[in-house]
Amino acid sequence: MASGYQPDCWFGGEAEPGPRHLTGCLVFIRPGEDVFEYDNTLWVPPGGQCIADVLIRYPLYVRQLVRVGGVFDVHEGHRVVAAGKILSISDPGPGHR
């Protein structure tokens, strides 16, 4: 996975009944043990681990689902390609401009 990747992520919202509710994200990978640089971009190989900043494009849809210690899945279509654990949250809230 490359830094700057724009996948859909699942933070736990379920349709009743139906598919997972996914929301668009933007992933910024931080330098670390499994991270390497290629063509001026940070990458994590399959099976690797990293710390990344994840920008949720529509936070209103998942604000009630996201919590420190919570987990999320990274999707390519219907396929889960990575999983993450939330270490911290920076949320300016709905009134932020």
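Values in this text are rule-based calculations from the coordinates and carry no lab data. All of these numbers come straight from a predicted model, not from anything done at the bench. Note that each Cβ is placed from the backbone with ideal geometry, even for glycine, and that neighbours are counted across all protein chains shown.
VAL68 fulfils the conditions (1) in contact with a Ser or Thr (Cβ under 9 Å, 6 or more places away or on another chain); (2) surrounded by 11 or more Cβ atoms within 10 Å (Cβ to Cβ); (3) among the aliphatic types (A, V, I, L, M) except for a single criterion, (2).
Cβ-Cβ distance below 7 Å, separation of 6 or more or different chains: which pairs start in segment 35-54 with a residue that is on the phi < 0 side of the Ramachandran plot and touching a residue at least 12 places away in the same chain (Cβ under 8 Å) and end on one that is hydroxyl-bearing (Ser, Thr, Tyr) and surrounded by 15 or more Cβ atoms within 10 Å (Cβ to Cβ)? Between residues of segment 35-54 that are on the phi < 0 side of the Ramachandran plot and touching a residue at least 12 places away in the same chain (Cβ under 8 Å) and residues that are hydroxyl-bearing (Ser, Thr, Tyr) and surrounded by 15 or more Cβ atoms within 10 Å (Cβ to Cβ), the close pairs are THR41/SER3; LEU42/SER3.
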